[in-house]
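Structure first, then comments.
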Amino acid sequence: METAVQKTRLPIMGSAKQSKVDEALEAELRAFEEAERERLGIKAERKQWVDTMLNPQVKRNERENVTLLISGLTAAQDFLVEGALGGLGYKIKNIGCPDQEGLQVGKEFGNRGQCNPTYFTVGNLVNYLIKLRDEQGLTSEEVIKNYVFLTAGACGPCRFGMYVTEYRKALRDAGFDGFRVMLFQQTGGLSQATGDDVGIDMNPAFFVGIVKGIVCGDVLNALGYRIRPYEVVPGATNKALEEAKRIIYKSLHDQTNVFVALYKCRKLFEAIEVDRLRVRAKTSIIGEFWAMTTEGDGNYQLQKFLESEGAENDIQLTTAWLLYNVWEVRHDTQDREVLRGVDEGTNSLKDHQGEFDVAKRIATMRLAEGALKLGFQAFAQPIGLHDYHLPDMDLVAKVAEDYYSNDLRGGEGHMEVGKLIVNTVRAKAHITVSVKPFGCMPSSGVSDGVQSLITGKYPGTIFCAVETSGDGATNFYSRIQMYMFKARIAAEQELERVLAEQGVTIDEVRAFLDANPKYKSALYYPPHRVAGTAANLVYVVAPLIKKSAAERAIDKAKHTAEALRDAAVSAPGAIAEAYRKATDPETIAKVREDAFVLRDIVRGKAMDRFRPLLQQLMGKAVFENNPEIRTTTYEPIAAE
């Protein structure tokens, strides 16, 4: 039996039959689309979403009711900035250091694949607002109306170039759509309305208050990390720090003389009993700014853990970051000075067209560097932070330029490379620890790439690169412990070598210190010769132990005579060199530039000249440690 085969003809394109098939198919697809819209509740026509909070504002009539929330630096700095701005009449609340709870909230409401600082900082803010709503009984509308988050914007080549959107996304998903995040811009001051109706006055007092809080926090932190590893009574340093913070907070809030307050704090630290002969590995902490600055769960409490492993931490101060920002402007201006055209970059010369105007800008940067260094010492000396030197930015740039371009920015740029070289060559530290968030491209590119070349070129360098993710503490601690073991051995060997070199024993040094309290004071810090503090102390006291006062006087006279002799020999050449420099056209031009800047200062125009610089530096330094809060100005895309 044969089976009949029925042939099916495909419709010919353009034929009437094909048209009917297409119409039926389109009708079926439209019906399916309508059914799905009905099921998903999106049947109504949608419009393109546009962010309406690109330019949040605080009006003057809101000032009495709005509380400014701040966070992002060290615990001391956030606390003191709260006092300084509170003294200006603002309602300020420091929401504290981000913790694991903030991390979990950040991961809940944030996008996937963000870096560690984003989850911590965004989550910290959202978590605080949730507690206001759920625990204190405020409605979401009241939180949005009466609270504003104030921080500073930043930028760089980080893969997360505009994290302010992450703030708003998390706030919106948590039920706080429309909450205002007020950001300092790198240029242009605060992103808010201008005129008489502004609620946050960006006047000199505002910026000076913030700078005072930051610098006071810096000197407290530096002094604390210098004393704590050697305290005889555990907890004595932290107790003094807490009392000192209260004293300085009151001074900043009441707008009294902060230098008097710092001197009062000096007595608190003088009372701490220390043993500087303990062997401690000097540990320089570098890396991504937020990761190396925060003192909480964001870096697994790195500073505290290092101290428990026998470290004396050498931290990077925010003031040093300000100094780096000034160096950036000067460096970029000098590079752009020889260009044939004008670019539109961050440090563009489009507003400095004349050759003389550019020269004045460079002179302003030089004076700003000097003012920062002098200002820091003005705060450091009253409290007893002696012999503390901010990094030489020109030196760091020079030693790093052969390995990492000074023109590359992001993270600490070339500073990570330069600091490791300086730490090694000049015996500044036994170990350098670079900490950054997992996947931080600018810092990882340096730590995992360039630094391997540096460690190979300088044998004996102890360099430890670690990453934070918020939930990998065990591996993090294990890696640090391995390198700290090497660093402690290096510190012990260094002390033994210095003792043998100076011909004294540890018992002789200890007996001398007991008989001479000056060298045993918590505020006495021996001048740098090697990395370890104990070894440096031996260098100071060994000559006092081995020689009488008369012998030391004779040695001093011999050294003075030798110095005078060397000076006399080199005097003709020195005079000739001085004359050459004095008559050099470049030197004359620099002196002329500096004179014009000083003239503006004398005439009372200093703030007009330095206000834009101060606003730019505050925007970069206060929170450039958080790339998640960069803002970019653009025109909203119209709804389609």
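The values are calculated or read from the model by the stated rules, or taken from the named source; none is laboratory data. Because the structure is predicted, anything quoted here is derived from the model rather than measured. Neighbour counts are summed over all protein chains in view; Cβ atoms, including those assigned to glycine, are modelled from backbone coordinates with ideal geometry. In case anyone asks, the SASA skips ligands and DNA or RNA and just uses the protein heavy atoms, side chains included. Shrake-Rupley method; radii C 1.70, N 1.55, O 1.52, S 1.80 Å.
What the table shows:
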| quantity | calculated |
| --- | --- |
| Subset tally (residues that are free of Cβ contacts under 8 Å to residues at least 60 places away in the same chain and over 24 Å from TYR519 (Cβ atoms)) for the range 240-250 | 4 |
| Cβ pairs under 8 Å, 6+ apart, first in the range 539-562 and at negative phi, second among the hydroxyl-bearing types (Ser, Thr, Tyr) and at pLDDT 75 or above | VAL540/TYR519; VAL541/TYR519 |
| Subset of the range 521-532 that is farther than 20 Å from ALA271 by Cα and of a type outside the set (A, V, I, L, M) - its residue that is most open to solvent (accessible area, probe 1.4 Å) | ARG529 |
| Residue identified as assigned to a helix (DSSP H, G or I), surrounded by fewer than 18 Cβ atoms within 10 Å (Cβ to Cβ) and modelled with pLDDT under 90 among ARG340, ARG366, ARG330 | ARG366 |
| The listed residue being under 21 Å from PRO527 (Cα atoms), open to solvent by 20 Å² or more (accessible area, probe 1.4 Å) and outside any loop (DSSP other than H, G, I, E, B), out of PRO382, PRO391 | PRO382 |
| VAL143 at pLDDT 90 or above and farther than 15 Å from PRO437 by Cβ | yes |
| Of residues in the range 445-475 being open to solvent by less than 40 Å² (accessible area, probe 1.4 Å), out of contact with any strand residue (DSSP E or B) (no Cβ under 6 Å at 6 or more places or on another chain) and small (Gly, Ala, Ser), the one modelled with the highest pLDDT | ALA473 |
| Test: residue in the range 252-261 that is polar (S, T, N, Q), open to solvent by 60 Å² or more (accessible area, probe 1.4 Å) and on the phi > 0 side of the Ramachandran plot | yes |
| Whichever residue in the range 394-412 is under 16 Å from LEU322 (Cα atoms) and touching an Asp or Glu at 6+ places or on another chain (Cβ under 8 Å) and, among such residues, is least open to solvent (accessible area, probe 1.4 Å) | GLU412 |
| Residue that is modelled with the lowest pLDDT, among those in the range 263-308 that are crowded, with 18+ Cβ neighbours inside 10 Å and acidic (Asp, Glu) | GLU288 |
| Residue within the range 59-75 that is at negative phi, at pLDDT below 85 and polar (S, T, N, Q) present | yes |
| Test: TYR230 is open to solvent by less than 10 Å² (accessible area, probe 1.4 Å), among the aromatic types (Phe, Trp, Tyr) and in contact with a strand residue (DSSP E or B) (Cβ under 8 Å, 6 or more places away or on another chain) | yes |
| The lone exception for ARG112 - which of (1) closer than 24 Å to TYR300 by Cα; (2) out of contact with any Gly (no Cβ under 7 Å at 6 or more places or on another chain); (3) part of a helix (DSSP H, G or I) it fails | (3) |
| Qualifying residue in the range 115-133 (condition: farther than 30 Å from CYS440 by Cα and either at pLDDT below 80 or open to solvent by less than 50 Å² (accessible area, probe 1.4 Å) (or both)) | yes |
| Top-ranked residue in the range 476-502 [being open to solvent by 50 Å² or more (accessible area, probe 1.4 Å) and touching a strand residue (DSSP E or B) at 6+ places or on another chain (Cβ under 6 Å); ranked as modelled with the lowest pLDDT] | ARG479 |
| Residue list for the range 257-310, filter: part of a loop (DSSP other than H, G, I, E, B) and over 24 Å from the mean Cα position of the chain (by Cα) | ASN257, ALA271, ILE272, GLU273, ASP275, ARG276, LEU277, ARG278, VAL279, ARG280, GLU309, GLY310 |
| Output for the range 503-520, where each listed residue is surrounded by 14 or more Cβ atoms within 10 Å (Cβ to Cβ) and more than 40 Å from the chain's Cα centre (by Cα) | VAL504, GLU508, PHE512 |
| Residue in the range 95-113 that is of a type in the set (S, T, N, Q) and open to solvent by less than 60 Å² (accessible area, probe 1.4 Å) present | no |
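To keep it simple, each residue is scored yes or no on (1) touching a residue at least 24 places away in the same chain (Cβ under 8 Å); (2) touching a Cys at 6+ places or on another chain (Cβ under 9 Å).
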| residue | (1), (2) |
| --- | --- |
| GLU416 | yes, no |
| ILE421 | yes, no |
| THR424 | yes, no |
| LYS428 | yes, no |
| ILE431 | yes, yes |
| PHE438 | yes, yes |
| ILE454 | yes, no |
| PRO459 | no, no |
| CYS464 | yes, no |
